[in-house]
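Report on one structure; see the data block that follows.
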Amino acid sequence: MKLLTLLVDGIAYGMVLFVLASGLSVTLGLMNVINLAHGAFAMAGGYAAVVLMQKAGLPFIWTLPAAFVLTALAGAVLERLLYRPIYAKSHLDQVMFSIGLVFMAVAGIDYLMGSTQQFIQLPGWLQGRFDIAGVAVGRYRLFVIVLCGLLAFGLQWGFTRTRFGSRLRAAVDDARVARGLGIPVHALFAFTFALGSGLAGLGGVLGVELLGLDPSFPLKFMIYFLVVVTVGGTSTITGPFLAAMLLGIADVAGKYFIPQVGAFIIYALMVVLLLLRPDGLFARQRT
């Protein structure tokens, strides 16, 4: 039964990784923009929830949509002012630019909020554990699994089965032709970037309880986001979702059974998967 409990914990951890990384998958895979400052939006969402709960008395459940909206709005503003000019730049320029934003965000949060670890008070109905067929399951972890599972389904459907998704893919493949067909490319990119930022903020709130929150959050988890996107591929939402599940379960199990190995399990699994599937789990077929 302990193994099943670890499995549930690993799935919950993987779900949070997926939500945190899904926004990066959207901007990198659908917009071809390398935004390593993605973790800064996640940190902003987490701190927004902390402030709203501690200063404004907002219940935890309402901080989830609030953090999503606030970080999405911040993403929309920054996309217009800072990111749009670098869309046509090289990937190296995008990397250097976004890393600079990360260090600026870390320094800013450290100055405004201090360097101490932040905590949130979960409502009573999300605290503790209960037994399902003899398996101890954390209430909050089950909540995360259900919420993130629904989110993953909604994202996959939205990007593959809707007019918005087809227009976005057309704009990414050839923006000039898309404009000629009447597709509002700039508006699509702004909305998509805002969506990715909002997802990061939502993941930041969900991750406070499981991952912790301090000013170094973007630096500590940047590699995790990149691993999920790299292993899962950027052509679908399904790939990063499965990659996040594999990595979450492997990390939790590895730290429980062989804690002295630490995060080595994740990197070893990444190497093996990339050797088997160099373009990701669900890469587009080359023609």
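The values are calculated or read from the model by the stated rules, or taken from the named source; none is laboratory data. Since the model is a prediction, treat every value here as computed from it, not as a measurement. Because the Cβ atoms are built from the backbone with ideal geometry, glycine has one as well, and the counts that use them run over all protein chains shown.
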Among the numbered conditions (1) over 21 Å from Ala37 (Cα atoms); (2) without any contact (Cβ under 8 Å) to a residue 60 or more places away in the chain; (3) of a type outside the set (D, E, K, R); (4) part of a helix (DSSP H, G or I), tell me where Phe130 comes up short. (4)
Hey, does the range 51-58 have a residue that's closer than 29 Å to Thr230 by Cβ, modelled with pLDDT of 90 or more, touching a helix residue (DSSP H, G or I) at 6+ places or on another chain (Cβ under 8 Å) and in a helix (DSSP H, G or I)? no
Confirm whether Gly232 is closer than 22 Å to Leu168 by Cα, among the small types (Gly, Ala, Ser) and crowded, with 24+ Cβ neighbours inside 10 Å. yes
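Determine, yes or no, whether Val77 is touching a residue at least 12 places away in the same chain (Cβ under 8 Å), out of contact with any strand residue (DSSP E or B) (no Cβ under 6 Å at 6 or more places or on another chain), closer than 26 Å to Phe191 by Cα and of a type in the set (Val, Ile, Thr). First the steps, then the outcome.
Numbers: touching a residue at least 12 places away in the same chain (Cβ under 8 Å): no; out of contact with any strand residue (DSSP E or B) (no Cβ under 6 Å at 6 or more places or on another chain): yes; closer than 26 Å to Phe191 by Cα: yes; of a type in the set (Val, Ile, Thr): yes.
Judged against the criteria, Val77 is not a match.
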Look at Val102 and say whether it is surrounded by 11 or more Cβ atoms within 10 Å (Cβ to Cβ) and in contact with a helix residue (DSSP H, G or I) (Cβ under 9 Å, 6 or more places away or on another chain). yes
What residue, among those in the range 16-35 that are over 9 Å from the mean Cα position of the chain (by Cα) and over 16 Å from Leu281 (Cβ atoms), is surrounded by the fewest Cβ atoms within 10 Å (Cβ to Cβ)? Asn32
Within the range 63-92, count every residue that is touching a helix residue (DSSP H, G or I) at 6+ places or on another chain (Cβ under 6 Å) and more than 18 Å from Gly45 (Cβ to Cβ). 1
